[in-house]
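The values are calculated or read from the model by the stated rules, or taken from the named source; none is laboratory data. Here the structure is a predicted model, which is why all the values come from computation and not from measurement. Ideal geometry is used to build each Cβ from the backbone, glycine not excepted, and the neighbour counts take in all protein chains shown. The protein model used for the area step is the full one, side chains on, heavy atoms only, and it has no ligands, DNA or RNA in it. Shrake-Rupley method; radii C 1.70, N 1.55, O 1.52, S 1.80 Å.
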Amino acid sequence: MSLFKEFSKGIIRENPVLRLVLGTCPTLAVTTSAKNALGMGLAATVVLIGSNVVISLLRKVIPDKVRIPAFITIIAAFVTIVQMFVKAFLPSINDALGIFLPLIVVNCIILGRAEMFASKNPVLPSALDGAGMGVGFTCTLLLMGSIRELIGAGTIFGFAVTAGHIEPMMIMTMAPGGFFVFGVLVALANKLADKMGKKPVEHTGCGNCHACDGCSACESKEENA
Amino acid sequence: MKEMLIILVAAILSENFVLSKFMGICPFLGVSKKLSTAFGMSCAVTFVMVLATAATYPIYAYLLEPNELGYLQTIVFILVIATLVQFVEIVLRKFIPPLYNALGIYLPLITTNCAVLGVTILNFTKEFTYTQSLVNSLGAGLGFMLAMVLFAGVRSRIEASDVPKALKGLPITLIAAALVSLSFLGFSNIANNLFK
């Protein structure tokens, strides 16, 4: 039961994008269509599970002082594997994700889970935690990608839905649309959390990223909040 | 010269890293609350971007590429950047304490800032030369600074206004960012037309 909890918490209760506000860059950048969103989500999930498992296995070997560089190296290795795989078998996804495929390395979700969970827990819970967070990330990206593609191009996964009936709003697939849809989704998540008696998201951006523990820029920001 | 100006202006305005490429969103949302911190953070980012490009370009062009190790790009670049940031921190603390006091607190944040890794990789995707890459990185940093400083101003206005409860905090910040980003759409293709 508790193992299932490790998996399920990432999907809604601790959704990495809407509740923890991590990994905002890829969330905004690749959700121009449902297909790209799914590709990004799956790539990040594979890296998350792989790095969580390896970091959990090595958690007693890695010295505390160099843990962040060690984590980054492990994550970068998995990203390179995924990158080579996507390049070889899914070239269209590779072109669509472009620079954001190698940038999975610096995705806060992955480093955050390594630091917060995998470095303190055994292998099986860590793998499930990674899988849950990955599924949560993928679902949110897919939701955002579908909304933006539907309004911006009138299609979902390339299939015409409202195209031909309603003039699509191009702006939704461009940069401002990304910020806007993300803002509205976070507002909805806050509203739902409020109804269920939970707190809305407090921190914005890097305040949640545990890579910057003890960073005074973040502390001063929280004091001002 | 003209070509360099085009790259610089394009990187600052029409291809702004934050507002049209979505890189460095974390510090953009997290550290833009006060003008002074926003400015300090962007100075540090610009500094590290140019340094990182200066260091990674020769490594890729003269070490990885000729030995057919191009696939190691991601892993090598992130390690070089992480080391470089540590190194800069140590050098600044030892030799230029005033600069360290101004930028030091932002340095740990920068290793995991995707804008820095992003610009070093993008320079190769765009097939820039060494000088062009340096100019592009400088432009990317300045563009980041412009977005941060502008947005710090917008946020100080939001603080003073009455926002509906569900939109308080992050949602209204994102919607404001959408509007700022919308205004930057107006700059598209400005660089090529400006220096015709």
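Of the residues B:Gly40, B:Ile96, B:Ala191, the one whose Cα sits farthest towards the positive end of the charge dipole of chain B is B:Gly40 (charges of +1 on Lys and Arg Cβ, -1 on Asp and Glu Cβ, taken about the Cα centre). Taking the chain by itself as reference, segment B:134-168 contains these residues with an accessible-area loss of 50 Å² or more in the full protein complex (1.4 Å probe, heavy atoms): B:Ala166. Among the residues of segment B:53-102, those with an accessible-area drop of 50 Å² or more from chain alone to full protein complex, heavy atoms and 1.4 Å probe, are B:Tyr71, B:Thr74, B:Ile75, B:Ile78. Short-range pairs are left out: with C-alpha atoms under 8 Å and at least six residues apart, the relative contact order of segment A:2-196 is 36 percent. Both chains summed, the buried accessible area for A and B stands near 4000 Å², from protein heavy atoms and a 1.4 Å probe.
Our summary gives segment B:1-105 a relative contact order of 18 percent, counting only alpha carbon pairs under 8 angstrom and 6 or more residues apart.
In terms of its alpha-carbon gyration tensor, the protein assembly as shown comes out rounded; the largest-to-smallest axis ratio a/c stays below the 1.5 threshold. Summed over qualifying helices (DSSP H, 4 residues or more, each -39500 (n - 2.57)) and divided by its residue number, chain A shows a 222 nm mean residue ellipticity of -19500 deg cm²/dmol.
Computed in the context of the full set of protein chains, the accessible area of segment A:1-154 at 1.4 Å probe radius has 73% of its extent on carbon or sulfur.
Annotation: lysines with alpha-carbon distance below 22 angstrom to B:Lys2 (same-chain offsets under eight excluded): B:Lys126, B:Lys196.
Which entries of B:Lys34/B:Lys94; A:Lys199/B:Lys33; A:Lys9/B:Lys34; A:Lys65/B:Lys94; A:Lys9/B:Lys168 show an alpha-carbon separation above 23 angstrom in the structure shown?
Working: B:Lys34/B:Lys94 28 Å; A:Lys199/B:Lys33 21 Å; A:Lys9/B:Lys34 34 Å; A:Lys65/B:Lys94 21 Å; A:Lys9/B:Lys168 25 Å.
Cα-Cα > 23 Å for B:Lys34/B:Lys94; A:Lys9/B:Lys34; A:Lys9/B:Lys168; rest within.
Using the Cβ-Cβ distance between A:Ile81 and A:Lys195 with R0 set to 41 Å, the FRET efficiency works out to roughly 0.45. Evaluated on segment B:2-187, the Kirkwood hydrodynamic radius is 17.3 Å, with distances taken between all distinct Cα atoms. Accessible surface for the protein assembly as shown, divided over its residues, is 44 Å² per residue with a 1.4 Å probe.
How many percent of the accessible area of chain B is carbon or sulfur, using a 1.4 Å probe? Working shown, then result.
On the way: 5770 of 8600 Å².
Result for chain B: 67 percent of the exposed heavy-atom area is carbon or sulfur.
Springs between alpha-carbon pairs under 10 angstrom, Gaussian network model over chain B: which of B:Leu84, B:Leu174, B:Leu185 fluctuates most? Maximum fluctuation in the GNM of chain B, among the listed residues, is at B:Leu174. Near A:Ile156, the amide H atoms lying under 5 Å from its own belong to A:Val161; only residues 5 or more places off or on other chains count, and H is placed 1.01 Å from N.
Note on B:Gln132 and A:Thr73: the model spin-label points, each 7 Å out from Cα along the C-beta direction, lie 3.5 nm apart. Restricting segment A:123-201 to trypsin sites (Lys or Arg not before Pro) that sit in a DSSP loop and have at most 14 other Cβ atoms within 10 Å of their own Cβ leaves A:Lys198.
Computed on segment B:2-187, with alpha-carbon pairs under 8 angstrom and 6+ residues apart, the relative contact order is 44 percent.
Of the residues in segment A:100-117, those shielded by at least 10 Å² of accessible area once partner protein chains are present, compared with the chain alone at a 1.4 Å probe, are A:Phe100, A:Pro102, A:Leu103, A:Val105, A:Val106, A:Cys108, A:Leu111. Between A:Ile171 and B:Glu89, the distance separating the two model label sites (each 7 Å from Cα on the Cα→Cβ line) works out to 4.2 nm. Applied to segment A:17-25, the Karplus parametrisation 6.51 cos²θ - 1.76 cosθ + 1.60 on θ = phi - 60° returns per-residue 3J(HN,Hα) values of 8, 8, 9, 9, 6, 10, x, 5, 4 Hz, with x for Gly and Pro.
Using the Cβ of B:Phe151 as centre and a radius below 12 Å, the other residues enclosed give a net charge of +4, where K and R count +1 and D and E count -1.
Just in segment A:98-175: which chymotrypsin sites (Phe, Trp or Tyr not before Pro) are loop by DSSP and have at most 16 other Cβ atoms within 10 Å? Present the calculation step by step, with values, prior to reporting the outcome.
Details: sites: A:Phe100, A:Phe117, A:Phe137, A:Phe157, A:Phe159; in loops: A:Phe157.
Filter output for segment A:98-175: A:Phe157.
Taking the Cα centre of the protein assembly as shown as the origin, how large is its charge dipole in debye, to the nearest 20, when only Lys and Arg (+1) and Asp and Glu (-1) carry charge on their Cβ atoms? Working shown, then result.
Numbers: 30 positive and 22 negative charges, 148 e Å.
That gives the protein assembly as shown a dipole magnitude of about 700 debye.
Karplus-derived 3J(HN,Hα) values for segment B:110-124, using 6.51 cos²θ - 1.76 cosθ + 1.60 with θ = phi - 60°, are 7, 3, 9, 7, 6, 5, 6, 4, x, 5, 5, 6, 4, 4, 7 Hz; glycine and proline are entered as x. Overall shape: oblate for segment B:79-196, with the ratio a/c of the largest to smallest alpha carbon gyration tensor axis at 1.5 or above and b/c at least equal to a/b.
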